[in-house]
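Colleague: Have a look at the structure that comes next, please.
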Amino acid sequence: MKILIVEDDPDLRRQLVSSLASRSYTVEECADGDEAVYLGTEYEFDLAIVDIGLPGRSGLDVIRAWRQIQRDFPILILTARGDWQDKVEGLEAGADDYLVKPFHIEELSARVNALMRRAAGHSKPQMRFGPITLDTTARSVLLYEEEIKLTSYEYRTLEYLMLHAGQTISKAELTEHLYHQDYDRDSNVLEVFIRRLRQKLDPDQSLNPIMTVRGLGYRFALEATH
Amino acid sequence: MRWKRLTKSLFKLFRVPGTLRARLLWASIVLLPILIVFAGGALQRAFETSLLTSVESQARLQAFALLGSAEFIEQELVLPRTLQEPRFSQVQSGLSALVFNANGELKWRSESSALVADELIARISTIEPEPGSSRFSHLKSEQFFLYLYPLIWEIDGSEYRYMISILNADFDAMEELTTFQTQLWGWLSAVYLLALLLQYLILRWGLKPLKYLADDISRIESGDAIDLRGQYPGEVEPLTRNLNRLIDSERHQRERYRNTLADLAHSLKTPLAVIKGAASEDHTLESYQRLIDEQSDRMTQIVQYQLSRAVKSKERPLGSAVPVALAVERICGALSKVYSEKRMQVELVALDAKQFAGDERDLMELLGNLLENAFKYGQSQVRVDAELFEQDLILCISDDGPGVGTGQQHTILERGARLDTSTPGQGIGLAVCADIISSYNGALEVRRSTLGGAEFRIQLPAAISTLSPITASPLDE
């Protein structure tokens, strides 16, 4: 899952980037509004974290610009003032949630998780797909209630596919959402991840959770159980 | 170009000095002469007209007197040698009479006419006025008034035409006119100066309250007074009243800042002391981290609370009416987005046309904090209803959440409740609300809602602009 962080304070930005990256998110960062509008317009993101009080082009402006061209990824705004006028204006501009500075990274992480789930249409942090359970809070995957050991990239790949269960996801889209923009995109690496995931999730090849759609990409084939 | 330069120099000439008194005086200095010249001109004109009329009527009387003493003998007009009017006999009297016949021949002349130039006599003889209508004119170059009176004498069926002309030197009349003019303009100049002097005095007296006002203000500046005490005339009083109000609110503002700063400093001392003390205690890294975390949370809350106190306005802005429905709808719209998973049913009851008398920001803070609680703790329903009770606006915000414990269901509004005295872990939202409400002398109550959860009932001043006009409160209250 790819997150764009728009924050002008270098210290806070560094903190956000490192803590979200350590939680297996792919993170892009920028410090000013114009660049943010450019990045959000040109690249695919799964979520954006925007500081309202940006110098120059304001955070509200950035959000409006994105929403105007139908960019519908969830947006979390950060506000220092914390008065309601600010919050309401931000949400009216198109943001989905807000966080008042200063905040705990855990709080931010929880909000980010919730927003991503919401965008994928799930209301609980645990998603069940037959015997496979995805826990977005613990960032873990259970098979028959037993945790499977996954590398960070494996988890990201699986999470993306599961959050978009039933949809065919192209390799290009997966790469776009899993790696940094300057990452060397070698689709063989992706195939390796998929193969390893299949081995871990379906050792006896009875479930077949990840289907290959020839020429188009992959699809998470199990149905969500509530 | 020339016109431009002219207007420019005119502007420069009329560039008005800075003080009110100088402006008014300047206007009088420029405008009064125009008035006086008009008045003087009119007076002079009237005097001239009346002078000429009197000269003409004298000449007419003399012509008639001359006619009265005339006799008609042998088809000729005959006049006696000496006339009733002695001036006709004196050479230097300035008054002389000439009688011409129809052919313009001089038939008779008074003895006084000896000095009248022949040329003038010849010129007069050629003038032929209409029979029966006299003619009066001022021969300025010859310095004479000339009165011509044509007459027809009918005897035995024959007509004899004559013309009587009276010449009167204009010396006396002109002298009278000059004297009048000198006196007139002299007096008018005196009136001008007197008027300016009077106006100066009137202005000095009339603008005195402004000087007192300036003195009063400088007394405040120097710290000798705290408000404008003086008695001021009606026109200045609104100004001084508003100034007093401004000074007062500014003083309160300053006090508030001072208090906020003091509160902030004092309330930060405790967590700082805890952190400082922890250094000398035995702590594991983990417990030390937890302690730092707790105390920095506490400090964050304190800062946030004091910030939101600083944001909201303590003074009620005059006459501002904030529609409640708009603020509630905006906040509910925003919160529905944040809590979209809950799919809250929001019910707004009777909010239309309800207005809050106060600051919009305050209302937003108040409703934002209370509605956020409702969305956070409610299961599926939030209700906001409003009613007016006399001068008050009653807003009830209820939800179907777990509600507030019976022990806490009392009026939690405490004047100037400070965060560092409240229990830790409790959000600052309610403290901010209580603070805002107390600044409007309102009330906040918590009780069980009919929806099953908590109901926050707040009482605020209402703006009832549509029902009764806003009347100024009497000052002597």
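Colleague: So if I average 1/r over every pair of distinct C-alpha atoms in chain A and take the inverse, what Kirkwood radius in Å does that give?
Modeller: On the way: mean 1/r = 0.0546 Å⁻¹.
It works out to 18.3 Å.
Colleague: Something else now. Using a Förster distance of 35 angstrom, determine the FRET efficiency expected from the C-beta separation of A:Ile69 and A:Met211, and round it to 0.05.
Modeller: Efficiency, rounded to the nearest 0.05: 0.60.
Colleague: Then there is this: Suppose we keep just the DSSP beta bridges with both residues in chain A; what percent of those would be antiparallel, to 5?
Modeller: Here the share of antiparallel DSSP bridges comes out near 50 percent.
Colleague: Per residue of the stretch B:264-278, what does 6.51 cos²θ - 1.76 cosθ + 1.60 with θ = phi - 60° give for ³J(HN,Hα)? Whole Hz please, x for Gly and Pro, Karplus curve as stated.
Modeller: 4, 4, 5, 6, 7, 4, 4, x, 5, 5, 4, 5, 4, x, 4
Colleague: Starting from the exponent 0.38 and prefactor 2.2 Å, build the expected Rg for the stretch B:1-88 from its residue count and divide its actual Cα Rg by it.
Modeller: Numbers: Rg = 29.4 Å, N = 88, 2.2 N^0.38 = 12.1 Å.
Cα Rg divided by the expected 2.2 N^0.38 Å: 2.43.
Colleague: Between the stretch B:345-371 and the stretch B:103-172, what is the separation of their alpha carbon centroids in Å?
Modeller: 104
Colleague: Okay, next question. Taking just the C-alpha trace of chain B, give me its Rg and Dmax in Å.
Modeller: 50.5, 162
Colleague: Next up: As an exercise, take the mean of 1/r over every pair of distinct alpha carbons in the protein assembly as shown, invert it, and state the Kirkwood radius in angstroms.
Modeller: Evaluated on the protein assembly as shown, it is 36.5 Å.
Colleague: Among B:22-29, A:60-67, A:211-218, how do they line up from the highest to the lowest mean number of other beta-carbon atoms within 10 Å? Numbers along the way, then the final one.
Modeller: Working: B:22-29: 14.8, A:60-67: 21.0, A:211-218: 13.1.
Ranked from most to least packed, the peptides come out as A:60-67, B:22-29, A:211-218.
Colleague: Separate question: As a test of the formula, what do you get for chain B when each DSSP H run with n ≥ 4 contributes -39,500 (n - 2.57) and the sum is divided by the residue count, at 222 nm and rounded to the nearest 500 deg cm²/dmol?
Modeller: It lands at -17500 deg cm²/dmol.
Colleague: With viscosity set to 1.002 mPa s at 20 °C, what whole-number translational diffusion coefficient in µm²/s follows for the stretch A:132-226 from Stokes-Einstein and a Kirkwood radius over Cα pairs?
Modeller: In µm²/s, the coefficient is 157.
Colleague: Go ahead and set up a Gaussian network model of chain A, Cα springs under 10 Å, then flag whichever of A:Ala36, A:Ala119, A:Ala48 fluctuates most.
Modeller: A:Ala119
Colleague: Anyone know which of A:Val141, A:Val100, A:Val27 comes out most mobile in the 10 Å Cα GNM of chain A?
Modeller: Per the Cα network of chain A with a 10 Å cutoff, A:Val100 tops the list.
Colleague: Between the alpha-carbon centers of the stretch A:69-138 and the stretch B:17-56, tell me the distance in whole angstrom.
Modeller: 85
Colleague: Related question: For the pairs A:Lys87/B:Lys269; A:Lys101/A:Lys200; A:Lys101/B:Lys354; A:Lys149/B:Lys276; B:Lys276/B:Lys342; B:Lys269/B:Lys354, flag any whose C-alpha to C-alpha distance is greater than 32 Å.
Modeller: The pairs that break the limit, which is 32 Å between Cα atoms, are A:Lys101/A:Lys200; A:Lys101/B:Lys354; A:Lys149/B:Lys276; B:Lys276/B:Lys342; B:Lys269/B:Lys354.
Colleague: Continuing with the same structure: Please name whichever of A:Pro209, A:Thr41, A:Thr79 sits farthest to the positive end of the charge dipole of chain A, dipole taken about the Cα centre and charges placed at Cβ: Lys and Arg +1, Asp and Glu -1.
Modeller: A:Pro209
Read the figures in this text as sums done on the coordinates, not as results from a lab. Just so we're clear, the structure is a prediction, and the values are computed from it rather than from any experiment. Using ideal geometry, Cβ is built from the backbone for each residue, glycine included, and neighbour counts are taken over all protein chains shown.
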